[in-house]
Amino acid sequence: MSVLAARGLTVEARRRGGAVPVLRGINFTVEPGQVLGLVEEAGAGAAVVGRAVAQRLPPGLAMVHGSLSFLGAELMAMPADEMRGLLGREIAFLPPSPLAALHPARTVGAQLEAHLRRLGVARRELRAKAVAALAGVGVAEAVLGRLPHHLSQEQCQLVLVAMAFAGAPKLVVAEEPTAALDAAAQGRVLAAIQALRRAQGAAMLLITRDLLLAGAICDELAVMTGGDIVEIGPAASVLRAPRHPYTSSLLLATPPMRGARPDLYLLPEPAAGERALAGVAGCRFAPRCPVRAEYCLRTEPPLEGDAHRSACIRPGLVPTIVAQGEVPPPPWRPVGEVPVLALEGVGKAVTTGPAWRRETVAAVHDISLRITPGEFVAVVGEEGCGASLLARLAAGLEQPAAGRIMLAGVDVSVDAASARQQHAATVQMVFDEAQAALTPWRRVSDIVTEALAVRQSRSRVRETRARQLLAEMGMPLALGVRLPGQLGEAQRRRVALARALCGEPKLLVADGLFDGLDAPAQADLLGLLLRLRHRLDFALLLVCRDLAVARHLCERVLVMHQGAIVEDGLADTVFGWPRHEATKALLAGSPR
Amino acid sequence: MMRFLRRYLWPRWVRSGRVLLGLLSVLAVLAIAVVAPVLAPHDPLAQDLSLTLRPIELRGVYPLGTDGLGRCVLSRLMFGARAAVLVALPAALGALLLGGGLGLAAGWLGGRVERAVGWLAAAWVAFPPVVLALLLVAGGSGVAMAAMLSAWPLFCRVLRAELQAVAGRGHVAAALMLGFPRGQVLWREVVPAVLPAALALLAWVAAGAVGLEAVLAFLDLGGAPDRLSWGRMLADGWEVVFLAPINLVAPGVVLFSVMAGLALLGDGLRGTMGLALPEARLADDAMAGDGP
Ligand code: SF4
């Protein structure tokens, strides 16, 4: 009997204008011990499946037909207390943000023991069981006495993995379990999940936007778009020989880890809003499909095939969708230019830990680095490797405790006042979490021209510049009057980028610019940066979690480990022939 | 700033029942305080010893009756609003300026200033506010001053905490990077973000000041014994509660509703201010409307 079976699962959102389908009668099964990956670019529909399993749909959504059964028992009809008995025991969940899932003010040990207690472990065995559970995921016993925010994201997620598997569940629903993690931690967490899962014979439903990640650990893949499963089949077969244009374009939008750097495929427009989906006849992917034909608009293609099924009437044309060209080489530069940024023996310490046990650790030490004008450099490393601090030092948001920082040949570590001006003219930074990085009450056109507000330019000048910048970012001019909260995530990042580039800096520092974006949005932003590079001629220091993105965009890569640069070289060399353990760990965790 | 208010704060205020109710009661008290001389049927101090402790006669000469000295209860209530406003307004605004200013300066400048302000605020709140106010009033300061001096650490601490949460955000760092002077960054990026908390606190502190004034007047502290105030009316009404209960009930009800109104306003503001747009739906519109 299947562990989880969805038959005609239909979920609708009730809106003022009527009901809008979110899931349109999807079917899938998860067999015992199997891993099914649900992949969708924005993850909207796939995440709803996860919520439906927990019977906790977001407000406004309701399951209208179909069935969702767990080991033959219908989840829809199950009384609430029986459901509660199931969750956490038979069905376990892994959340995308581990830190938020743990209680911030209770020690990890207390939370783990409380969970074990609920599972029926006797009081005097609690401690031993908790230690054993942690050992099962490779976390030291000392962690038990700590509060979640004193741990790394990786440790928090491992603790949650230990909790999830403590009750020997039949099914684990994991929603983006590695979204908050760096590549090396991703590898270790996934390995821990897989080891426990295999040992206990548990099945898993993995909800993710990352097709390659899903491919690396799933037995079967279901690719969703617009509330439908458009392709489902054995993972290897779906990845190697996709039969739906959507799957194929997702794959082509993902930068490869080796070989040439092809131009990334750009899906023509962002996923249509729920509303636009309501009354479309024929194939709902047609507006974005590169190989659509007239007759695609007439009938809705059924999900067809044997083991590997796809909802496309022209699967034969899918292999013809290919990348058009290659990424152009970096612009030619004369040798011997003054570096735009030079760090000499830079060090800085930070204090961490609880108030009663403050520890001063050297966050970065003895960093020497030169970036020539126009050079694109990526910094990769594990959480806490010091890359973000390095970016803030380069941007002038932190002052070094030791060493010198030179911007375009001027030493900025001596005189703070002139240093600030030098910084503003030479370096700008793009921050992660674009939402908080944009002033929430300011219109987009005012945000992108903030640099002009410093000089108190006239509003007409600002308006004109705002239009230029929006056009350069490939955004519709109408968005100028919006507030950041009214934009999509990818658009917010463009606005942040536009604000930084408004004064045409010589160096752009970007921390986490690509984190948390799905493949099409990422491809779009990568293409944009490569185009802007040729037009505006700036250098880039990019702190990045995704190694493939780093390689696609930057010719040079730095690997940081425990506050020091341990590898520095051409991207292909560093990733092709890694020498340091840290690099090897990062590569091992990247599913490419 | 106006644009900021309109765009960022306004939309959800108007839809929140709590805010409307609170605003209504506050505006009513303000209006009555201003026009009391016109509106009041009698001189609130005029005694008519032949007509003491009249009961309620809505159509009569004394609509809410008279007190033990034959003074019109309704007129006294109206003039009492003035006392309340004259205490609450300066106390709340003064506490906002003093405490908010110190709190923001501490959070923004850091270092020694922060430590000094932190100590001062901590030492200050070591006294319970009412005891502090009693001491101050006994020492000869006005009631409004006493209320302000007991409330400023609240503003100081809350605004400093809010500032610390905001200061770490990207848009603040971005403004610094673009070369805005630090003072301007505070004004442009931080102050608007902490304003909701400040306004909510303003309402709460005003409620506290009204209450404090009543307590002090009830205890006959700080100010003339025959002043016009709801607290004084309560004290007077207390003595004649069995003969003419309206003398106790009327000021009690008014006092309660004004304080509750202010507290509701504060709660409502705290809950509804902030980015007021339904994000997902608008994002959908953006995609549907602007796609090629
Ligand atoms: S049915 Fe037509 S439009 Fe739909 S995916 Fe296949 S080729 Fe594209």
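Only helical DSSP H runs with n ≥ 4 go in: add -39500 (n - 2.57) per run for chain A, normalise by residue count and round the 222 nm mean residue ellipticity to 500 deg cm²/dmol.
Details: 22 runs with 201 residues, N = 592.
One gets -9500 deg cm²/dmol as the mean residue ellipticity at 222 nm.
Let me spell out the model: positive unit charges on the Cβ of Lys and Arg, negative unit charges on the Cβ of Asp and Glu, origin at the Cα centre of chain A. What dipole size does that give, in debye rounded to 20?
Values: 64 positive and 57 negative charges, 232 e Å.
Computed about the Cα centre, the dipole is about 1120 debye.
Could you check the spin-label model distance between B:Val61 and A:His150? Points 7 Å from the Cα along Cα→Cβ, value in nm.
Here the answer is 7.8 nm between the modelled labels.
Going 7 Å from the Cα of A:Ala54 toward and past its Cβ, which residues in the range A:185-213 have a backbone nitrogen under 17 Å from where you end up?
The answer is A:204-209.
Counting pairs of alpha carbon atoms under 8 Å apart in space and at least six apart in sequence, what relative contact order in percent does the range A:364-512 give?
Values: 166 pairs, mean separation 45.4, N = 149.
Across the range A:364-512, relative contact order equals 30 percent.
Give the long-range amide H neighbours of A:Leu38: residues separated by 5 or more places, or on another chain, with amide H under 5 Å away, using H modelled in the peptide plane at 1.01 Å from N.
Excluding prolines and chain starts, which carry no amide H, the hits are A:Leu206, A:Ile207, A:Thr208, A:Ala222.
Scan chain B and hand back the longest stretch that contains none of the trypsin sites (Lys or Arg not before Pro) lying in DSSP loops with at most 13 other Cβ atoms within 10 Å. Display every interim value, and only then the final one.
On the way: sites that count: B:Arg15, B:Arg59.
For trypsin sites (Lys or Arg not before Pro) (loop position, at most 13 other Cβ atoms within 10 Å), the longest site-free span of chain B is B:60-292.
Could you pull out every one of the aspartates and glutamates with an alpha carbon less than 17 Å from that of A:Lys584, ignoring same-chain neighbours closer than 8 positions?
A:Asp182, A:Glu382, A:Glu383, A:Asp546, A:Glu567, A:Asp568, A:Asp572
Using a 1.4 Å probe on the protein heavy atoms, what percent of the accessible area of the protein assembly as shown belongs to carbon and sulfur? Before the final figure, lay out the partial values.
Working: 22700 of 38240 Å².
About 59 percent, which is the carbon plus sulfur part of the accessible surface.
So, R0 is 60 Å and r is the distance between the beta-carbons of A:Thr351 and B:Val38; what FRET efficiency does that work out to, to 0.05?
Numbers: r = 64 Å, r/R0 = 1.07.
After rounding to 0.05, the efficiency reads 0.40.
About the Cα centre of the range A:4-320, what is the dipole size in debye to 20, counting +1 per Lys and Arg Cβ and -1 per Asp and Glu Cβ, all else neutral? Mind showing how you got there, number by number?
Values: 33 positive and 27 negative charges, 117 e Å.
Once rounded to the nearest 20, the dipole reads 560 debye.
Using the charge dipole of the range A:4-320 (Lys, Arg: +1 at Cβ; Asp, Glu: -1 at Cβ; taken about the Cα centre), state which of A:Ser67, A:Thr320, A:Gln157 has its Cα farthest towards the positive end.
A:Gln157
Could you give the length gained on full extension between A:Ala77 and A:Leu99, defined as 0.36 nm per residue of separation minus the Cα-Cα distance, in nm? Display every interim value, and only then the final one.
On the way: separation 22, 0.36 × 22 = 7.92 nm, distance 3.28 nm.
Gain in length upon complete extension: 4.6 nm.
Once the Cβ-Cβ distance between A:Ala281 and B:Leu49 is put in as r, and R0 is 60 Å, what FRET efficiency do you end up with, to the nearest 0.05? Mind dumping the intermediate values first?
Values: r = 90 Å, r/R0 = 1.50.
Once rounded, the FRET efficiency stands at 0.10.
Quick one: if the Förster radius is 41 Å, what FRET efficiency do A:Glu141 and A:Asp572 give, using the C-beta to C-beta distance and rounding to 0.05? Let's see the in-between values first.
Details: r = 42 Å, r/R0 = 1.03.
Plugging the Cβ-Cβ distance into 1/(1 + (r/R0)^6) gives 0.45.
Give the shape of chain B as rounded, prolate or oblate, defined through the alpha-carbon gyration tensor: a ≥ b ≥ c are the square roots of its eigenvalues, a/c under 1.5 means rounded, and otherwise the shape is prolate if a/b is larger than b/c and oblate if not.
Verdict is oblate for chain B.
Counting helices only, and only those DSSP H runs with n ≥ 4, report the 222 nm mean residue ellipticity of chain B as the sum of -39,500 (n - 2.57) divided by its residues, in deg cm²/dmol to the nearest 500. Intermediate values should be presented prior to the final figure.
Details: 13 runs with 198 residues, N = 292.
Dividing the helical sum by the residues of chain B leaves -22500 deg cm²/dmol.
Under a crude label model (7 Å from the Cα following the beta-carbon direction), how far is A:Ala19 from A:Ser2 in nanometres?
2.2 nm
Can you give the mean number of other chain Cβ atoms that lie within 10 Å of the Cβ atoms in peptide A:423-432?
Numbers: counts 4, 5, 1, 0, 1, 4, 6, 2, 7, 1.
Mean partner-chain Cβ count within 10 Å for A:423-432: 3.
Taking amide H positions as placed 1.01 Å from N in the peptide plane, with prolines and chain starts having none, which residues 5 or more places from A:Val327, or on another chain, fall under 5 Å of its amide H?
Answer set, sorted by chain and number: A:Arg261, A:Asp263.
Ignoring ligands, DNA and RNA, how much accessible area is buried between chains A and B, both sides summed, with a 1.4 Å probe, to the nearest 100 Å²?
Working: alone 26070 and 15430 Å², together 38240 Å².
It comes to approximately 3300 Å² buried between A and B.
Pulled fully out, how much extra length does the chain show between A:Asp411 and A:Gln456, if you take 0.36 nm times their separation in residues and subtract their Cα-Cα distance? Each step should come with its number before you reach the end.
Numbers: separation 45, 0.36 × 45 = 16.20 nm, distance 2.79 nm.
This chain segment gains 13.4 nm when fully extended.
With an 8 Å cut-off on Cα pairs and a minimum separation of 6 or more residues, tell me the relative contact order of chain B in percent.
Working: 418 pairs, mean separation 76.5, N = 292.
Rounded, it is 26 percent for chain B.
Got a sec? Which residues in the range A:322-352 would a label at B:Glu114 touch, if it sits 7 Å along Cα→Cβ and we count backbone N under 18 Å?
Counting only backbone N, you get A:349-352.
Using mean Cβ contacts within 10 Å as the protection proxy, how do A:3-15, B:126-138 order, highest first?
Numbers: A:3-15: 19.2, B:126-138: 16.0.
Ranked from most to least packed, the peptides come out as A:3-15, B:126-138.
So which lysines pass the test for A:Lys506, namely a Cα distance under 23 Å, with those fewer than 8 places away in the same chain ruled out?
A:Lys506 reaches no qualifying lysines.
Within 10 Å of each Cβ in A:484-496, how many Cβ atoms from other chains are there, averaged over the peptide?
Details: counts 4, 9, 9, 4, 7, 1, 0, 4, 0, 0, 0, 0, 3.
Mean partner shielding for this stretch: 3.
How much length is gained on full extension from A:Arg84 to A:Arg535, taking 0.36 nm per residue of separation minus their Cα-Cα distance? Write down the numbers at each step before the final one.
On the way: separation 451, 0.36 × 451 = 162.36 nm, distance 5.79 nm.
Extra length available between A:Arg84 and A:Arg535 comes to 156.6 nm.
Simple spin-label model, 7 Å along Cα-to-Cβ: A:Ala199 to A:Ala293 in nm?
Result: 5.4 nm between the two label points.
Express the accessible area of the range A:4-320 per residue in Å², computed with a 1.4 Å probe while the remaining protein chains stay in the model. Please list the in-between numbers first.
Details: 13140 Å² over 317 residues.
For the range A:4-320, the solvent-accessible area averages 41 Å² per residue.
For helix A:519-536, report the angle its Cα long axis makes with the longest principal axis of the Cα atoms of chain A; keep it between 0 and 90° and round to the nearest 10°.
So the inclination is approximately 10 degrees.
Given the options B:Leu20, B:Leu269, B:Leu176, which has the most mean-square fluctuation in a GNM of chain B, springs set between C-alpha atoms less than 10 angstrom apart?
Its mean-square fluctuation being the largest, the pick is B:Leu176.
For helix A:416-426, what angle does its Cα long axis make with the longest principal axis of chain A, in degrees from 0 to 90 and rounded to 10?
Tilt relative to chain A: about 70 degrees.
Quick check: Cα centre of the range A:497-517 to Cα centre of the range A:33-85, how many Å?
Centre-to-centre distance over Cα atoms comes out at 39 Å.
On a C-alpha basis, how far is the centre of the range B:44-110 from the centre of the range A:188-252 in Å? Whole number, if you could?
Cα centres, the range B:44-110 to the range A:188-252: 70 Å.
Mean Kyte-Doolittle hydropathy of -1.0 or higher plus an axial Cα length of 20 Å or more: which whole DSSP H helices in chain B meet both? Each step should come with its number before you reach the end.
On the way: long enough: B:17-39 (31 Å, 2.43); B:73-95 (32 Å, 1.60); B:111-125 (22 Å, 0.57); B:143-167 (36 Å, 1.21); B:191-218 (39 Å, 2.01); B:246-272 (38 Å, 1.39).
Within chain B the helices that satisfy the rule are B:17-39, B:73-95, B:111-125, B:143-167, B:191-218, B:246-272.
Output the 0 to 90 degree angle, nearest 10, between the alpha-carbon long axis of helix A:153-166 and the longest principal axis computed from the alpha carbons of chain A.
10 degrees
Over chain A, what is the relative contact order in whole percent, taking alpha-carbon pairs under 8 Å and six or more residues apart?
Working: 1181 pairs, mean separation 85.6, N = 592.
Rounded, it is 14 percent for chain A.
Which far-off residues, 5 or more places away or on another chain, put their amide H under 5 Å from the one on A:Leu540, with H placed in the peptide plane?
Hits under the 5 Å cutoff: A:Glu375, A:Phe376, A:Val377, A:Leu508.
The values are calculated or read from the model by the stated rules, or taken from the named source; none is laboratory data. A quick note: this is a predicted structure, and the numbers were derived from the prediction, not measured. In this analysis, Cβ positions are derived from the backbone assuming ideal geometry, glycine residues included, and neighbour counts consider all displayed protein chains. Ligands, DNA and RNA are stripped out before the accessible areas are found, and what is left, the full protein with its side chains, is counted by its heavy atoms. Shrake-Rupley method; radii C 1.70, N 1.55, O 1.52, S 1.80 Å.
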